[in-house]
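The values are calculated or read from the model by the stated rules, or taken from the named source; none is laboratory data. Since we're looking at a predicted model, the values are computed, not measured. Glycine also receives a Cβ, built like all others from the backbone with ideal geometry; neighbour counts cover every protein chain displayed. SASA here: full protein model, heavy atoms, side chains in, ligands and nucleic acids out. Shrake-Rupley method; radii C 1.70, N 1.55, O 1.52, S 1.80 Å.
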Amino acid sequence: MNSVNKTRIQVLESLIKDEPNQIANLANSAAWLNQCLDRINWVGFYLLKKNELVLGPFQGKPACVRIQVGKGVCGTAAKRKEIVRVADVHDFPGHIACDEDSRSEIVVPLIVGDKLIGVLDIDSPVTDRFSEDDQQFLEAFAETLALYL
C-alpha cells in the first residue's frame, strides 16, 4: 500500500478509535472516503439485517433502502463475502440501478470476527474507475473499520 493510503488509514483510525457508537463510526468513515476518493458519486454502507442489506450511513444521492443478499452488486458481495469490482455496471447481470449516473462500482464486505455485518459500497460515474490499488486500499480500510464496529 502506498504512503498516501497508509495515511488515510491512520486518519480513519483517529476518527473512530475512541467512539463506541457503530453508526457514528460508519458515518465518519463514509464522509472520510468521500473526501479521499475522486470521481465517485456515492459512498456508504448497507448493514445486514436478517437476509437483506439495509441502507446505513452514506454520502451521495438518496439510495435504495433494502437489497436482498445475492441481488445486485452489493448483494452478490454479501453472499460471497468477497470484494466485487465492476468496471461497467451495465454489464453486471441483475445490477440494481439506484443512481442512473453510476457506471462502475466496488463493494467490500464488512466482516467482524467471522461474521458479515454489511458492505461498503462505492459508485462512480466513470466506467472502470476502480483499480487493483483502490481495491487493496478499500480492503484495508474495511478491515481497519471492522476493528471498531
- Message: Looking at the stretch 1-10 only, could you name the residues that are of a type in the set (A, V, I, L, M, F, W, C) and in contact (Cβ under 8 Å) with a residue 40 or more places away in the chain?
- Response: Met1, Ile9
- Item | Candidate set: the stretch 68-107, residues that are of a type in the set (Ser, Thr, Tyr) and not in a loop (DSSP other than H, G, I, E, B); chosen: the one surrounded by the fewest Cβ atoms within 10 Å (Cβ to Cβ) | Thr76
- Candidate set from the stretch 108-145 (those that are exposed (fewer than 15 other Cβ atoms within 10 Å of the Cβ) and of a type in the set (Gly, Ala, Ser)); member that is nearest to Leu53 (Cα to Cα): Gly113
- Task: Kindly list, by first and then second residue, each pair from a residue in the stretch 122-149 that is closer than 19 Å to Thr7 by Cβ to a residue that is open to solvent by less than 70 Å² (accessible area, probe 1.4 Å) and among the small types (Gly, Ala, Ser), limited to pairs with Cβ atoms under 7 Å and residues at least 6 apart or on different chains.
- Result: Leu145/Ser29
- Of all residues in the stretch 95-149, how many are out of contact with any helix residue (DSSP H, G or I) (no Cβ under 8 Å at 6 or more places or on another chain), farther than 19 Å from Ser29 by Cβ and among the hydrophobic types (A, V, I, L, M, F, W, C)? 2
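Quick grid of which residues meet (1) more than 14 Å from Val108 (Cβ to Cβ); (2) touching a residue at least 24 places away in the same chain (Cβ under 8 Å); (3) acidic (Asp, Glu); (4) not in a loop (DSSP other than H, G, I, E, B):
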| position | (1), (2), (3), (4) |
| --- | --- |
| Leu12 | no, yes, no, yes |
| Leu15 | yes, no, no, yes |
| Pro20 | yes, no, no, no |
| Asn25 | yes, yes, no, yes |
| Ser29 | no, yes, no, yes |
| Leu33 | no, yes, no, yes |
| Arg39 | yes, yes, no, no |
- Note on the structure: Checked the stretch 38-57 for anything at pLDDT 95 or above, under 16 Å from Ile117 (Cβ atoms) and either of a type outside the set (A, V, I, L, M, F, W, C) or crowded, with 17+ Cβ neighbours inside 10 Å (or both); matches are Gly44, Phe45, Tyr46, Leu47, Leu48, Lys49, Glu52, Leu53, Leu55, Gly56, Pro57
- Item | Pairs, first closer than 18 Å to Lys115 by Cα in the stretch 63-82, second part of a helix (DSSP H, G or I), C-beta under 7 Å, six or more apart | Gln68/Gly75; Val69/Gly75; Val69/Ala78; Val69/Lys79; Gly70/Thr76; Gly70/Lys79
- Task: Please work out which one of (1) more than 13 Å from the chain's Cα centre (by Cα); (2) open to solvent by less than 50 Å² (accessible area, probe 1.4 Å) is the condition Asn21 fails and give its number.
- Result: (2)
